[in-house]
Amino acid sequence: MDADQSTISGWGGLPHPGREVFSEDLVRLSKDAVLSRGLGRAYGDSALPPPGTLDVATTILADRILAFDEQSGILRAEAGLDLHQINWLFLERGWFTPVTPGTQYVTLGGMVAADVHGKNHHVEGCFGAHVTALLMRVADGRILECSAQHEPELFWGTIGGMGLTGHILEVEFQMKRIPSPWIQGESMRVPDIEEFVRLLKESGDAWPFTMGWIDCVSTGASLGRGILYRGRWAESGSRAEAPQSKRRLSVPINLPNFTLNKLSVKLFNESIYRTHIPSKKAGLQHPEKFFYPLDKILHWNRIYGKRGFTQYQCVLPNSAGQGAARRFLEFLTKQGGASSFLCVIKDCGAEGQGMLSFPMPGISIALDIAVDANTQSLVNLLNGEVIEMGGRIYLAKDAFTRPEDFRLMEPRLDQFLELRRKWDPDQKFRSAQSVRMLGDRA
Amino acid sequence: MKVAFLGASKGMGRALARRMAARGDELCLLGRDLEDQRRTALDLSARAGSSREIPVHHCDLEQPEGFAQALKHCEESLAGLDCVVVTAGVYDAQENLEADTDWARRLMTINFSNTVAFCEEARKRLLARGGGTLCVFSSVAGERGRKPVVIYGASKAGLSAYLEGLDHKFRAAGLRTVCIKPGFVKTGMTAGLKPPPFAGEPDQVAGVVLRAIDKGTPVAYAPGIWALVMLAIRSLPRFVMRKIGF
């Protein structure tokens, strides 16, 4: 393939001109690069180069652990180290990442840049809340260490800053002690969205990990029915043997576009709900199954076929009132719903200090949308609802939000742009997303 | 096992060193960039959950005068020596080597002459201790003269021939020579090249190599499927090789 024809894509699989450049040496790799990229799990265009630029600096070969303190649990590593390695090195030693997203195939750099959240957001906040220091290359070429004490503005701008404040070279963060490597989990069928929101809020007091899968195809009385999952680390000695990393299946090729259609999605959603028998289950669970059910199938994004897909994830703030989630889902189904085999609901805790960090107190809803001619207008409409409710969307998932909509959602944007003007006056660091949404030079 | 390791900081070497450290082998790292070796040593200790410090020493495949000293350092730091691993080497595309004869000569010096010189020092040191294992990364590129790897392949062909001779001559005296022939493996060295079928991952290769070291296998293809691929390529008649592009 010719170099200038090469394309890369986000997890949503929409091709974009670009090329990954690899090196174990991030100091060298970051020297002239406009953007770093990790494992490419951002769904949209966050980790794609701006128009006119081909190369992105892929960090995944830089995966060395530089320090781990068994007493304090502070871990420092190169930014390309991924969560899968961290989990399987430290689980049996009694440590776990303080916050994990729904996949373990993410790098530390990516986790910082997107300020990822997980099932425990209502307790632990985002990953950034546990980061103690970052080593960065900034626009003037310097390499410097920043933290909540040293260059705090740069630090909090970088957390959730989608790589637009500089290259993250090393990440230092606080690991969490766990009593055992197993999860004591429960799951239960929930008949509708009101009950779901109530159960999420109620479970949050007693369970550090909560989330739900909802059927976003059903309407009326069963709108927003689904399955609630909640868990906590099991007590030590719950089970003698250590969990093993499971073998994975893989979707080897893009499936035909018609694989996911209104009927197959409806059947899928129906069967997941119906086959959860009995309606409430409890027991010890493998941590991979609990945290990363989708990781079991590598390249699951290929089921959407060549057309690709996007994920729409928004948070509806508590201030929008109790009926906000129902209003949103009703609006969604009125638009014909989304051919989404996966729709996830989660309650969010307090807003973090990351300048553009996504979560705020409220309910987060995430759904996959196969891309077609209507996707842009659907996203525009959904954004309109979210803006009205005072919510916002998650940049790591986005490929379609218009700049004017993002501005209306994001009162913190000016502060972020000001920070970038200070540290990077010439806009050295850019992405396809920053050009599309923040109006960066192409 | 006490191991002197030249080239543990990148690619397949990194993966192999991690596996060795994880199972409790004692390593001493050799390399050009000492700071880089130190960071690799930290990584190996942290992953193994060991508080033992991993020694590092300077060794540059372009400075053969330092080879003996580097290996002596290793033997002293480890208070013994059972195994020497060499994964270091350089690669470049054939067109770049054709365009720059000096660079081609340098590559052949590093991959062949100097690697052989390093192995000679390692051989002497291991035999003086009564034997041990010398594990060296050659390449499937040395199996057959091929268009995309004329020069690189020649440097590896020479190395493979040397290692075979070494194995024949010194095995009875206790020197186990292990020649690793990796196929296409996804590392920083091959980044940007389109992976062919059967492309391997560094950790997969490391597993094969570790078994070969433990058993003293004279030649090991990694991943294993490349033994079959190369069997096919070796049996192709010359007029076919001339026609095809690889």
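Quick one: count up the residues across region A:294-306 that are in contact with a Gly (Cβ under 8 Å, 6 or more places away or on another chain) and open to solvent by 50 Å² or more (accessible area, probe 1.4 Å). Going through region A:294-306 one residue at a time, the tally reaches 2. Taking first residues from region A:132-150 that are touching a residue at least 24 places away in the same chain (Cβ under 8 Å) and partners that are part of a loop (DSSP other than H, G, I, E, B), the Cβ contacts under 6 Å between residues at least 6 apart in sequence or on separate chains come to A:Ala133/A:Ser147; A:Met136/A:Gly166; A:Arg137/A:Ser30; A:Arg137/A:Gly166; A:Val138/A:Gly166; A:Ala139/A:Asp424; A:Ala139/A:Lys428.
Just wondering, is there one or more residues in region B:66-73 that are more than 20 Å from A:Thr59 (Cβ to Cβ), charged (D, E, K, R) and either more than 11 Å from chain A (Cβ to nearest Cβ) or surrounded by fewer than 24 Cβ atoms within 10 Å (Cβ to Cβ) (or both)? Yes; the residues of region B:66-73 include at least one that is more than 20 Å from A:Thr59 (Cβ to Cβ), charged (D, E, K, R) and either more than 11 Å from chain A (Cβ to nearest Cβ) or surrounded by fewer than 24 Cβ atoms within 10 Å (Cβ to Cβ) (or both). Between B:Gly130, B:Gly183, the distinction of being touching a residue at least 24 places away in the same chain (Cβ under 8 Å), surrounded by 14 or more Cβ atoms within 10 Å (Cβ to Cβ) and of a type in the set (Gly, Ala, Ser) belongs to B:Gly183 only. Condition check: open to solvent by 60 Å² or more (accessible area, probe 1.4 Å) and either more than 14 Å from every other protein chain (Cβ to nearest Cβ) or within 20 Å of B:Leu166 (Cβ to Cβ) (or both). Does B:Glu98 satisfy that? In short, yes.
Please work out if B:Val136 is among the aliphatic types (A, V, I, L, M), crowded, with 20+ Cβ neighbours inside 10 Å and under 21 Å from B:Ala232 (Cβ atoms). Here the answer is no, as B:Val136 does not meet what is asked. Within region A:1-40, the set of residues being open to solvent by less than 40 Å² (accessible area, probe 1.4 Å), touching a Gly at 6+ places or on another chain (Cβ under 9 Å) and within 14 Å of chain B (Cβ to nearest Cβ) comprises A:Ser6, A:Ile8, A:Ser23, A:Glu24, A:Leu26, A:Arg37. Checking each residue of region A:423-438 against the condition of being in a loop (DSSP other than H, G, I, E, B), modelled with pLDDT of 95 or more and basic (Lys, Arg) gives at least one match. In region B:26-58, the qualifying residues are those that are touching a helix residue (DSSP H, G or I) at 6+ places or on another chain (Cβ under 8 Å) and open to solvent by 80 Å² or more (accessible area, probe 1.4 Å), and the one that is nearest to A:Leu89 (Cα to Cα) is B:Ser51.
Listed conditions (1) crowded, with 17+ Cβ neighbours inside 10 Å; (2) more than 12 Å from chain A (Cβ to nearest Cβ) are all met by B:Arg23, apart from (1). Within region B:32-62, the residues that satisfy the criterion of being touching a strand residue (DSSP E or B) at 6+ places or on another chain (Cβ under 9 Å), more than 12 Å from chain A (Cβ to nearest Cβ) and either of a type in the set (Gly, Ala, Ser) or part of a loop (DSSP other than H, G, I, E, B) (or both) are B:Arg32, B:Arg52, B:Ile54, B:Pro55, B:Cys59, B:Asp60, B:Leu61. Restricting region B:186-202 to residues that are open to solvent by 50 Å² or more (accessible area, probe 1.4 Å) and facing chain A (nearest Cβ under 10 Å), which is modelled with the lowest pLDDT? Once the filter is applied, the top-ranked residue is B:Gly192. Residues that are open to solvent by 10 Å² or more (accessible area, probe 1.4 Å) and touching a residue at least 24 places away in the same chain (Cβ under 8 Å) within region A:371-391 comprise A:Val371, A:Asp372, A:Gln376, A:Leu378, A:Asn380, A:Leu381, A:Glu385, A:Met389, A:Gly390, listed in sequence order. The C-beta contact set for region A:41-65 (first residue open to solvent by less than 20 Å² (accessible area, probe 1.4 Å), second residue among the aliphatic types (A, V, I, L, M) and assigned to a strand (DSSP E or B), distance under 6 angstrom, 6+ apart or interchain) comprises A:Pro49/A:Val56; A:Ala57/A:Val21; A:Ile65/A:Ala77.
The residue list A:Gly125, A:Gly73 contains one member that is surrounded by fewer than 20 Cβ atoms within 10 Å (Cβ to Cβ), more than 10 Å from chain B (Cβ to nearest Cβ) and modelled with pLDDT of 95 or more, which is A:Gly73.
The values are calculated or read from the model by the stated rules, or taken from the named source; none is laboratory data. Source: prediction; values computed, not measured. Here the Cβ is made from the backbone with ideal geometry for all residues, glycine too, and neighbour counts use every protein chain on show. In case anyone asks, the SASA skips ligands and DNA or RNA and just uses the protein heavy atoms, side chains included. Shrake-Rupley method; radii C 1.70, N 1.55, O 1.52, S 1.80 Å.
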